[in-house]
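A.B. asks: Have a look at this one before I ask anything.
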Amino acid sequence: MEVALSAIASDLINRLTSFLMKKYMESTSIDDKMKSLKELLLRVHIVVEEADRRCITNPMMLMQLKMLAESMYRGYYMLDTIKYKSPKDEEVRKLCTMSVSLKRSRTIFGTPGSPADDNELEIVLNNLEAAISNINEFVVLLVGCERVCRRPYDAYLYTDNFMFGRHAEKQQIINILLQNPCHQGGPLVLPIIGGCRVGKKTLVSHVCGDERIRSYFRSILYINGDNMWGMEHTKFKRERTLIVGEFFMDIDEDDWVKFYCTVSQMTDRGSKVIIISRIGKLARFGTVKTVRLNSLSQEEYSYLFKMLAFGSIDEKDHPKMAMVANDLAVVLGGSLITANVVADLLRRNHDFQLWNSVLQHFKEMVKSNLSKYGEHPKDIIEKEHPIDITRFGSSYRTRLHLMPPRVERDDSPNRKKPSLLFRDLIAGCAAIPDGDFELVTWESQIPPHTKYVQSAVAFVNGKNGCTTSTRKRRSNA
């Protein structure tokens, strides 16, 4: 009887608290709500940052961490959207509405002080309040998790060894790979499936670089899925091995059985196989639940882009540039490669005129492709089709078309074509060659100096004496 009365009383208190909170929110000004949002974000950010430094093996805790991080990024996005609202927001909003992909994955807020803004702010606050109300148990359990060595984000801004977010996914993969071998003896198979250039290989690279993984496996073997049949001719020691295979097309059942049997015979007990691919059907070969990677949400993408663009300076000291960065984060459409290229250019020169010029060029480029092809350039590139980047040229009479990126290394054959850095083209400080040329989108500073290269062609008035290959290239997964 006492237990029942206690439960009823607790339920009434919760209902009353919720009712009073709702009334309080209705009577609170946007400025007061913004202040509350900042305070809540500080509390959540402390927990997320601490969790990022811990080795979490509990899958439910990883799920809660992911939800906390999503609420945090949405809160920061809401804060910046209202704080740095610019007169050009309506134009950017219309531009985004033209793109189907942007309408699917982006939230475009209303004008400052509008009911839409106020309602959205209230939803974000309620979500953060709910997240914090259930955080006590998480923090208690977090204290018992082993601390891992991790450098702060700023330390990676000028290096290649950088991965944003994905902590829950990384820890989930590590937990699976460290599982004790099953009694069946066959290698565990973990499929990692995700869209075009969402960071699948980057994530796996960070997993393989983890000390726990390197200690558990005696060797790590990387293979190209198209050439997996050559494994039976490969000679290596029979030891616990992690095999990482990147697959660009579906595999026949018989071919997979042959490959799996070869791996089982050539490796020691406890070996594992990772499948990296965009093809969802390959998940059928997994012996554990598939890890699926999606593109970063607009809130995460915006946070990452501004972190990279501003580097060590505080965006609060540059509100006009923060407005431009907000708009650019929307216009870029979620492309991680483009975000890194543009952010690198902006970080080198904290000049508002340059930043605004880059924004205008990208807006015009996106408009042009939406008008001609009906899709955002990011979506066109993902389909392995060329995009129109004429707006980056010095003369609109010279048309520029750009092919999807491919991965090259220093030891790749010299194609003997003129080359430009993409950031120089964006900044307008490079002379564009006639005909075919190579655009170096990004280049690693770490040996073997891997780089993204894109074939481009310049032609005048729709006439071009040179030919550009339009065949599809396999791009980085």
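A.B. asks: Taking the square root of 5 times each eigenvalue of the Cα gyration tensor, what semi-axes in Å does the equivalent ellipsoid of region 298-460 have, largest first?
C.D. replies: Listed largest to smallest, the semi-axes of region 298-460 are 25, 19, 15 Å.
A.B. asks: Evaluate the Kirkwood expression for the hydrodynamic radius of region 246-305, namely the inverse of the mean inverse distance over all pairs of different C-alpha atoms, and round to one decimal in Å.
C.D. replies: Kirkwood radius, region 246-305: 14.0 Å.
A.B. asks: Step through the residues of region 167-176 one at a time and calculate ³J(HN,Hα) from phi using the Karplus curve (6.51 cos²θ - 1.76 cosθ + 1.60, θ = phi - 60°), rounding each to whole Hz and writing x for Gly and Pro.
C.D. replies: With the stated coefficients, region 167-176 comes to 5, 5, 5, 4, 5, 4, 5, 4, 4, 5 Hz.
A.B. asks: Got a sec to turn the phi values of region 128-145 into Karplus ³J(HN,Hα) couplings, 6.51 cos²θ - 1.76 cosθ + 1.60 with θ = phi - 60°, whole Hz, x for Gly and Pro?
C.D. replies: Each residue of region 128-145 in turn: 5, 4, 5, 5, 6, 5, 10, 8, 4, 4, 4, 5, 4, 5, 5, 4, x, 7 Hz.
A.B. asks: For a test of understanding, tell me how many lysine pairs in region 169-293 have Cα atoms under 19 Å apart, given they are 8 or more places apart or on different chains.
C.D. replies: Lysine pairs, 8 or more places apart or on different chains, close enough: 17.
A.B. asks: Follow-up. What are the residues whose amide H is under 5 Å from the amide H of ASP436, where those residues sit 5 or more places off or on another chain and H is modelled from the backbone?
C.D. replies: Answer set, sorted by chain and number: ALA458.
A.B. asks: Charges at C-beta only: +1 for Lys and Arg, -1 for Asp and Glu. How large is the resulting dipole of region 169-293 about its Cα centre, in Debye rounded to 20?
C.D. replies: 440 debye
A.B. asks: Under a 5 Å amide H to amide H cut-off, with H placed in plane at 1.01 Å, what residues pair with LEU188 once short-range neighbours are removed?
C.D. replies: Residues meeting the criterion, in which the H sits 1.01 Å from N, are VAL273.
Read the figures in this text as sums done on the coordinates, not as results from a lab. In this text the structure is predicted, and so the values were computed from the model without any measurement. Please note: Cβ atoms are built from the backbone with ideal geometry, for glycine as well, and neighbour counts cover all protein chains shown.
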